[in-house]
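Enquirer: Below: one structure in structure tokens.
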Ligand SMILES: Nc1ncnc2c1ncn2[C@@H]1O[C@H](COP(=O)(O)OP(=O)(O)OP(=O)(O)O)[C@@H](O)[C@H]1O
Ligand SMILES: O=C([O-])CC(=O)C(=O)O
Ligand SMILES: [Ca+2]
Ligand SMILES: [Mn+2]
């Protein structure tokens, strides 16, 4: 710089006049001028038409022969039919594009369509409402960049973080609301569903569903614009589901763009009618005068209509987990097992499933630098092997560190939705330790943001089935090998114990039992899923493991959470097959087989009894937890699991056994 720059002592360089040294001067017209007369024209040059608004030439899909305009009309009519009120017989008039975009292509309008899917029992007059006089703009399958612009322009609390992620707020709700999730008791599904004590399916009637649906649809139609996502669930094409999500926020559209499977332009052209539709009117509450409503939030699932309505919560996880519930109903009908599990596969094709309740490590442990990620949360196990239901991951971010979870850390970049995190107002650097908004901070990113994701997200039959429990009592061993009956016992129990609340001071661990490690999402009786899992594990020779990712050396308050590095070593030994070959001893009460040695893990922590300084406290706590397991399992005692009575008896015998002296 100093050497070649102007000599300072001579002051500023003289401005050279054109013409004096014409050959050396760089004129600003040395490149041809832009071919635009106006600024609007210039802007129109900036963007070129692209899929999905441009038909794909040369494909021989079902719609290949129809004109672009016809296909366009079909798409808009399909969306208009989705948004049709059930009482006014016509859907809204739709326009595609942002209402704020002043110039550009001329708006394309849908023709009004009748509501073909519903025959009103009363003969309703063709009533006209104000919303039928206006246009609703549809923002259809926007790209992440477009959704960023929408969010930043229109949604308060949307910011770009230092690494390019979209930080957003989910509003008053920062987690799911299971007590507000209702399922319609209707003739096509009611006999199969699990109702009553312990079931997550809180019933509602069809009429009330229609009231809430109408409330959501009217709200959405009253807006200037709605976002529509047409996407897929399940990477196995044989068991794929087409889903449509209608929402009012760019945040929701980007979240689902990341979490569902993104269709190719060709697939989108041939999308047709969705198999399932979500109406997300989360900003708008339900009406407490409506029958069944006990709060201003209601998440309503109607399996007969294949629709879900969301009122009164903007937490995006409701959509993801709502669709998961749908899969928990549809898949078993087709003899496919749906699973609340993570899944990865080694270089030799050995697949592992990771079951566990929220916060036990499915995402953390299935995201493994040495293995290919199939998915972090929702899978199917069919006769074809395993397949991920989703197209993205939803990772907890609290206390996230680059060192411990590099792959998740690096996935938080442009395109990723970062929910409820706190960041520096100037640098936009995220403080992952900050719980000011919530402890449940989350990142939703497309699965291909994990460098070793296995695309398509499918794999062969599992070799290992790992049950994760975060035992805040600190009495379960860091790892145990399970018999098939024990695997079923622990799968049906679905135990974890996290520490409730974030207040200061020591808290009692709270035992949670959630059947199939996901009682909030299952739709049939837990024994139906358990029987399918037992059959599949038996047929394919899979080994079950119980891994405690929780406390060691004492309960919460006196002990510590097991180091993630140790848990990873344990998981490595399961994957490599070396743990199967280890020497085992059996524990008291739970009768768990525990290894004496694992490479990279201090042997003394493998049996929890060694890590407690107060042996009496250990025994008391162990018996207490055993008692909680026993009590929880009582409701399952009267059920037969699968066709095989022998298996049922074995499972019942695989729980904790009391009355035996614990010897040191
Ligand atoms: N030994 C350990 N093993 C696993 N995770 C640990 C361990 N110690 C601490 N953790 C932390 O526990 C959390 C596990 O959360 P994770 O996102 O994996 O839960 P999840 O099972 O995927 O839950 P959800 O179904 O809600 O997504 C992470 O924040 C991780 O850093
Ligand atoms: O659904 C959510 O909000 C988070 C999640 O994965 C779970 O709770 O299992
Ligand atoms: Ca997860
Ligand atoms: Mn989950």
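The values are calculated or read from the model by the stated rules, or taken from the named source; none is laboratory data. As the structure is a computational prediction, the values presented were derived from the model and not from experiment. As a convention, Cβ positions derive from the backbone with ideal geometry for all residues, glycine included, and neighbour counts pool all protein chains shown.
Enquirer: Tell me which of these residue 215 doesn't satisfy, since it passes every other one: (1) outside any helix (DSSP H, G or I); (2) under 21 Å from residue 298 (Cβ atoms).
Expert: Going through (1) outside any helix (DSSP H, G or I); (2) under 21 Å from residue 298 (Cβ atoms) one by one, residue 215 breaks only (1).
Enquirer: Another question, then. Output the residues belonging to the range 380-409 that are farther than 27 Å from residue 314 by Cβ and touching a residue at least 40 places away in the same chain (Cβ under 8 Å).
Expert: Selection gives 380, 381, 382, 383, 384, 385, 386, 387, 404, 407.
Enquirer: Next up: Answer yes or no as to whether residue 389 is assigned by TED's automatic domain parsing to the domain that holds residue 241 and within 14 Å of ligand 2 (Cβ to nearest atom).
Expert: So residue 389 fits the description; yes.
Enquirer: Applying the selection to the range 140-183, what residues are under 25 Å from residue 94 (Cβ atoms) and part of a strand (DSSP E or B)?
Expert: 140
Enquirer: Taking the condition of being within 11 Å of ligand 2 (Cβ to nearest atom) and free of Cβ contacts under 8 Å to residues at least 40 places away in the same chain, how many residues in the range 291-346 meet it?
Expert: Going through the range 291-346 one residue at a time, the tally reaches 1.
Enquirer: In this structure, is residue 412 out of contact with any helix residue (DSSP H, G or I) (no Cβ under 9 Å at 6 or more places or on another chain), over 26 Å from residue 576 (Cβ atoms), touching a residue at least 12 places away in the same chain (Cβ under 8 Å) and within 16 Å of ligand 3 (Cβ to nearest atom)?
Expert: Spelling it out, it is not the case that residue 412 is out of contact with any helix residue (DSSP H, G or I) (no Cβ under 9 Å at 6 or more places or on another chain), over 26 Å from residue 576 (Cβ atoms), touching a residue at least 12 places away in the same chain (Cβ under 8 Å) and within 16 Å of ligand 3 (Cβ to nearest atom).
Enquirer: Residue 74 versus (1) at pLDDT below 85; (2) surrounded by 13 or more Cβ atoms within 10 Å (Cβ to Cβ); (3) outside any loop (DSSP other than H, G, I, E, B): which is the lone unmet condition?
Expert: (1)
Enquirer: Residue by residue through the range 521-558, note down the ones that are assigned to a strand (DSSP E or B) and surrounded by fewer than 20 Cβ atoms within 10 Å (Cβ to Cβ).
Expert: none
Enquirer: Please verify whether the range 380-394 includes one or more residues that are more than 21 Å from residue 264 (Cα to Cα) and within 17 Å of the chain's Cα centre (by Cα).
Expert: Scanning the range 380-394, I find at least one residue that is more than 21 Å from residue 264 (Cα to Cα) and within 17 Å of the chain's Cα centre (by Cα), so the answer is yes.
Enquirer: Within the range 611-646, can you find the residues that are exposed (fewer than 15 other Cβ atoms within 10 Å of the Cβ) and in contact with a helix residue (DSSP H, G or I) (Cβ under 6 Å, 6 or more places away or on another chain)?
Expert: Of everything in the range 611-646, just one residue is exposed (fewer than 15 other Cβ atoms within 10 Å of the Cβ) and in contact with a helix residue (DSSP H, G or I) (Cβ under 6 Å, 6 or more places away or on another chain), namely 640.
Each row is one residue, and each column tells you yes or no for (1) crowded, with 18+ Cβ neighbours inside 10 Å; (2) within 17 Å of the chain's Cα centre (by Cα); (3) farther than 19 Å from residue 447 by Cβ.
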| position | (1), (2), (3) |
| --- | --- |
| 219 | yes, no, yes |
| 226 | yes, no, yes |
| 237 | no, no, no |
| 243 | yes, yes, no |
| 249 | yes, no, yes |
| 260 | yes, yes, no |
| 270 | no, no, yes |
| 274 | yes, no, yes |
| 288 | no, no, yes |
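Enquirer: Next up: Kindly indicate the residue of the range 379-413 that is assigned to a strand (DSSP E or B) and within 9 Å of ligand 1 (Cβ to nearest atom) and also surrounded by the most Cβ atoms within 10 Å (Cβ to Cβ) among those meeting that condition.
Expert: 393
Enquirer: Is there any pair with a first residue in the range 553-568 that is under 18 Å from residue 402 (Cβ atoms) and a second that is in a loop (DSSP other than H, G, I, E, B) whose Cβ atoms are under 7 Å apart and which are 6 or more apart or on different chains, and what are they?
Expert: 564/404
Enquirer: Taking the conditions exactly as written (within 28 Å of residue 275 (Cα to Cα), within 12 Å of ligand 1 (Cβ to nearest atom) and touching a residue at least 24 places away in the same chain (Cβ under 8 Å)), does residue 359 satisfy them or not?
Expert: Here the answer is no, as residue 359 does not meet what is asked.
Enquirer: Would you check if there is a residue in the range 609-617 being in a helix (DSSP H, G or I) and within 23 Å of residue 362 (Cβ to Cβ)?
Expert: No.
Enquirer: Would you confirm whether or not the range 490-510 contains a residue that is modelled with pLDDT of 95 or more and surrounded by fewer than 18 Cβ atoms within 10 Å (Cβ to Cβ)?
Expert: No; the residues of the range 490-510 include none that is modelled with pLDDT of 95 or more and surrounded by fewer than 18 Cβ atoms within 10 Å (Cβ to Cβ).
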